[in-house]
Amino acid sequence: MAFQPDFQREVLGPRFGGQRILLVEDSRMFSAVLCHRFQNELGLVVKPCPSRGELEQILAQEGHGYSMAVVDLNLPDAPYGEALDCAIAHGIPTIVFTATFDLQTRNRILQRNVIDYVLKDNEFALDNLVAAVRKAISNTKTRVLVVDDMDSARQVLVGLLKTQQYKVVDVASGVEALAALEVHDDIEIVITDHHMPDMSGYELTRRIRHRFGSDRLRIIGISSSDDRMLSASFLKAGASDFLYRPFVTEELQCRVANNVETLAQMKQLRAAAARDYLTGLYNRRYFYDQGPKLVNDCLRRRAMGAIAILDIDHFKRLNDTYGHEIGDKVLAAVAKRLAAIFEGSENLLSRLGGEEFAILFPMMDSYAATELCDEIRAEISRLKVIADDEELSVTCSIGVAEISGYETFDNYLNAADQFLYMAKHKGRNIVYSDVKMTQEAAQ
């Protein structure tokens with residue numbers, strides 16, 4: 001859809017079409033269910049194998065090429081985790097699925113730098129495993145910044161996070177951290193030590209929070225200090241979480257994962273708040289929020305822009321004749337066609353309300369926008385909507401105004417609305433703009 005924001009994600013979680021995953025599991029029941037769920041819920045291509053021998057044969061024939069492996073720890077021909085060792089030796093990120101678990105087993109698993117382990121000890125085991133796979137693949141899209149002046153401690157954190165499949169940037173000071181945030185605008189998690197030479201983690205947290213809200217970036221403080229008030233100081237400075245060293249590996253993993261999940265939920269809420277319930281397009285509120293920013297950016301570059309308002313012709317008559325259900329069907333059809341036209345573009349498309357849609361064209365003057373809107377008008381006129389076995393034609397009128405100087409955003413919309421009124425006055429199913437008006441005056 002036009003002008004994609006960073007918070008676009010499927011509500012039920014991302015799908016990872018085309019990625020290949022190895023499933024090493026000797027239970028036919030578990031294997032069948034997991035293959036089905038990985039394929040249907042996550043869109044993964046699953047290669048099942050019931051034994052260590054078959055795993056070795058597959059890897060010998062096909063090589064790596066797998067995004068991940070899910071490996072049963074104890075197989076008939078690999079009772080001591082030999083299948084896990086095989087997957088790790090081939091460099092495949094691995095999740096362990098095991099019914100056998102104690103402290104010694106836990107330590108043996110973690111020593112192999114696995115992504116995670118999931119226990120087969122309860123009725124939710126399969127749900128937990130699917131969630132672990134989804135999370136691990138999603139992590140590849142999440143960038144984490146690690147800030148610690150001690151190289152050894154920093155590399156331990158980096159190693160743990162990379163094992164979890166996160167993209168990691170690491171720096172040794174607060175100043176370098178602030179610079180990294182300028183370079184990498186996709187950093188979502190910052191993990192910072194407290195004691196550093198140039199500025200404390202507490203001060204770094206304050207500076208980051210001054211620029212980024214907690215709905216955009218999460219900060220986790222970390223320290224080996226025995227000062228129990230330090231966590232409170234970090235949290236009051238704007239940190240989202242805090243851990244004392246030495247920490248348990250699983251605790252770090254869960255704290256980071258919980259903060260990533262919180263960000264994802266916030267993105268989903270923002271996405272829902274920005275969308276029109278009927279058409280799925282951006283709503284009026286989002287248009288008024290993002291539009292001025294795009295306009296100002298355009299004018300700062302000393303470039304022109306344009307704004308258009310599109311109105312479906314005779315929409316009230318259509319509603320009165322066929323009912324609101326058909327009216328909604330027409331709105332949805334027009335929105336779908338508009339969304340397809342602007343797919344992948346930098347233009348901002350929204351439904352203002354009723355039968356009106358607005359389009360902001362940054363970096364496009366009125367002449368180019370008028371030409372494009374005329375193509376849009378023609379495309380809409382080819383729409384056919386079925387109502388009570390009758391095929392309805394749809395037309396629209398469009399007003400276009402150029403943006404060439406700093407004014408209020410309402411002024412730009414009012415100008416486009418005036419040109420829309422003139423388009424209606426001239427007979428509908430046309431585009432009218434300042435360019436058209438100038439052309440007519442010159443004739």
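Worth a mention:
To keep it simple, each residue is scored yes or no on (1) aliphatic (A, V, I, L, M); (2) in contact (Cβ under 8 Å) with a residue 24 or more places away in the chain.
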site	(1), (2)
VAL146	yes, yes
VAL158	yes, no
VAL169	yes, yes
GLY174	no, yes
ALA179	yes, no
VAL183	yes, no
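- From GLU41, GLU54, residue being within 14 Å of GLU25 (Cα to Cα) and not in a loop (DSSP other than H, G, I, E, B): GLU54
- Residue within region 374-386 that is in contact with an Asp or Glu (Cβ under 9 Å, 6 or more places away or on another chain) and over 12 Å from ASP311 (Cβ atoms) present: yes
- Criterion violated by GLU250 - all others in (1) within 18 Å of VAL144 (Cα to Cα); (2) assigned to a loop (DSSP other than H, G, I, E, B) satisfied: (2)
- Restricting attention to region 326-361, the residues that are under 18 Å from SER393 (Cβ atoms) and of a type in the set (Asp, Glu) total 2.
- Among the residues listed as ASP374, ASP311, ASP328, ASP297, the single one being surrounded by 20 or more Cβ atoms within 10 Å (Cβ to Cβ), assigned by TED's automatic domain parsing to the domain that holds MET422 and among the charged types (D, E, K, R): ASP311
- Of all residues in region 380-417, those satisfying the criterion of being aromatic (Phe, Trp, Tyr) and assigned to a helix (DSSP H, G or I) are PHE409, TYR412.
- For beta carbons closer than 8 Å, sequence separation of 6+ or different chains, a first residue in region 339-359 that is part of a strand (DSSP E or B) and loosely packed, with under 15 Cβ neighbours inside 10 Å and a second that is among the small types (Gly, Ala, Ser) and modelled with pLDDT under 95, there are no qualifying pairs.
- Tabulated pairs, region 64-79, first in contact (Cβ under 8 Å) with a residue 60 or more places away in the chain, second among the basic types (Lys, Arg), C-beta under 9 angstrom, 6+ apart or interchain: SER67/ARG20; MET68/ARG20
- One residue stands out among those in region 80-104 that are in contact (Cβ under 8 Å) with a residue 12 or more places away in the chain, outside any helix (DSSP H, G or I) and not β-branched (Val, Ile, Thr): the one that is farthest from THR249 (Cα to Cα), which is HIS90.
- Identity of the residue in region 405-443, without any contact (Cβ under 8 Å) to a residue 12 or more places away in the chain and among the hydrophobic types (A, V, I, L, M, F, W, C), that ends up farthest from GLU355 (Cα to Cα): ALA442
- Given (1) in a helix (DSSP H, G or I); (2) touching a Gly at 6+ places or on another chain (Cβ under 8 Å); (3) surrounded by fewer than 19 Cβ atoms within 10 Å (Cβ to Cβ); (4) touching a residue at least 40 places away in the same chain (Cβ under 8 Å), index of the condition GLU203 fails: (4)
- Any chance GLY221 is outside any helix (DSSP H, G or I) and free of Cβ contacts under 8 Å to residues at least 24 places away in the same chain: no
The values are calculated or read from the model by the stated rules, or taken from the named source; none is laboratory data. All values reported here derive from a predicted model rather than from experimental measurement. Please note: Cβ atoms are built from the backbone with ideal geometry, for glycine as well, and neighbour counts cover all protein chains shown.
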